[in-house]
Amino acid sequence: MRAQRSSTRVSRILEQSLPSTSLCILRRLLCGPAPARPLVAMSPLTRSSQPEHQHHGLGVNHVQKPWGPRLGVAAAAGSTSPSASLSPFNYRITSCMDSGNIEVVDVPEEGTVNLAIRPDPFCATDGRAHFQWFNFRLVGAAGQPLRLRIVNAGAASYAPAWNGYQACASYDLQDWFRVPTTYDAENGVMTISHTPQYDAVQYAYFAPYTLDRHAALLARMQGRSRSDLPVRLHVLGTSLDGRDLEMLQIGPAASLPVDAGAAAPPAPSTASTSGSSAPLRVWVIARQHPGESMAEWFAEGLLERLTDPEDGLARSFLGKACVYVVPNMCPDGSFRGHLRTNAAGTNLNRAWAAPSLESSPEVLHTLAAMERTGVDFFIDVHGDEELPHVFVAGLDGIPAWGPRLRELQAAFCAAYSRHAPEFQTAHGYAVDKPGAANLSLASKQVGQRFDCLSLTLEMPFKDSLEVPDPRVGWSPGRAKRLGAALLGAINEVAHMLR
């Protein structure tokens with residue numbers, strides 16, 4: 001989530017970490033899609049008729065290569081692949097999957113594989129092509145000690161965050177555990193050292209949340225709808241790749257419906273209230289940055305609790321509130337294996353001041369829906385690459401900041417810490433100075449527009465130092481429980497939201 005940190009020592013990484021035959025490969029990967037060739041906006045009809053750039057994480061300007069070249073001890077100069085049979089060692093690596101991202105650079109010796117992460121498309125607001133997310137499957141190396149070296153790690157968006165990081169691994173895609181990982185900052189190489197117990201193992205920056213699981217979540221939540229607690233599914237609009245932007249509405253039938261018509265650029269609102277007797281409008285969005293998959297695990301945990309007919313707190317809260325949840329704000333970037341951007345290379349969390357159909361339709365459609373419903377509470381769920389803590393970035397620095405919002409924000413933080421021991425306020429981002437908040441960020445823009453409590457929640461990619469778990473670190477299960485705990489915190493401050 002942090003603003004872009006500068007990348008350094010790229011030339012030294014290239015010169016010291018790889019054989020000369022592989023330098024041109026990594027230079028192409030590091031450069032990423034050229035900014036001179038941006039994605040051309042198309043009308044929804046034209047876009048839907050075009051083949052999607054969805055070759056399992058390939059950027060907009062990457063050209064798909066034939067899968068599965070045979071690689072010997074060293075790859076041929078200029079050739080990489082997201083899927084490779086590593087002969088003569090009889091194992092195979094592939095990232096040809098939903099949210100997959102890795103390229104095989106070369107295999108200098110048995111058990112050692114040099115890999116590189118593919119960058120997102122160039123992001124104009126951040127001035128670079130981001131990369132840090134990886135997700136790939138290795139087959140055929142059961143019992144073989146492996147050294148998987150990500151050789152462009154030093155040029156990643158948040159290279160210092162590799163320090164203290166342990167990669168995620170899973171055999172069954174259900175139980176994700178951490179494996180020994182080291183980072184050589186001098187040479188910019190991150191190494192995963194692991195001996196797989198079974199033939200197939202998947203490695204990822206964090207446990208992926210696939211579009212298939214997303215679809216299953218929506219179907220399951222819809223199936224929990226009942227007469228006294230309706231669950232509605234709304235399509236707010238479509239992404240640049242033509243995917244639906246979906247939102248679940250959980251709450252009283254009297255709640256304002258969300259019409260899924262074409263969005264128009266919304267005008268700023270000045271009030272968040274619609275009457276003390278009307279249901280509170282609670283908005284939760286997740287995964288604006290697609291590589292922060294823990295955000296959608298968080299949303300799943302919240303949704304499961306909200307729709308649990310045996311949860312007394314959920315039933316009581318939904319008697320006075322309607323909750324709108326967008327579990328995945330960036331479905332295109334999620335599928336492509338991006339870290340921070342959508343299909344056009346837009347950092348969605350820098351687009352809230354002036355969203356557009358051409359570059360950030362996901363934000364445009366969501367903000368238009370908020371204008372139709374109103375907002376009393378908003379939280380934008382993220383993950384932080386470097387800080388091993390759970391925390392929020394608050395509304396300090398927006399023009400509307402004052403005693404009311406200050407008191408409300410403090411009350412919420414105190415309540416959340418009572419419901420979730422991982423949540424804390426001692427560590428986080430620097431507080432914005434008065435009037436210096438960046439209103440292109442979701443929480444700042446929404447807080448200013450609707451004069452409401454509006455926060456950015458951050459979870460770690462590493463672990464929570466407050467409640468550490470060395471085996472799994474921060475995990476899908478822990479993210480889900482943190483999402484469920486959010487309900488208790490909001491309920492405690494519900495009487496203060498208007």
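The values are calculated or read from the model by the stated rules, or taken from the named source; none is laboratory data. Not measured: the values here are computed from a predicted model. Positions of Cβ are generated from backbone atoms using ideal geometry, with glycine treated the same way; all protein chains shown enter the neighbour counts. Accessible surface areas use protein heavy atoms only, side chains included; no ligands, DNA or RNA. Shrake-Rupley method; radii C 1.70, N 1.55, O 1.52, S 1.80 Å.
Other residues lying with their Cβ under 12 Å from the Cβ of Gly140 contribute a combined charge of +1, Lys and Arg counting +1, Asp and Glu -1.
Label separation (Lys320 vs Arg226): 2.2 nm, computed from points 7 Å beyond Cα along the C-beta direction.
Distance between the C-alpha centres of the stretch 80-122 and the stretch 158-236: 18 Å, rounded to the whole angstrom. The stretch between Glu110 and Ala353, if pulled fully straight at 0.36 nm per residue, gains 82.3 nm over its current Cα-Cα span. Take Asp175: with every protein chain present and a 1.4 Å probe, its accessible area is about 60 Å². Solvent-accessible surface of the stretch 331-400, averaged per residue with a 1.4 angstrom probe and all protein chains in place: 16 square angstrom. Counted by Cβ distance under 13 Å from Val446, the other residues give a net charge of -1, where Lys and Arg count +1 and Asp and Glu count -1.
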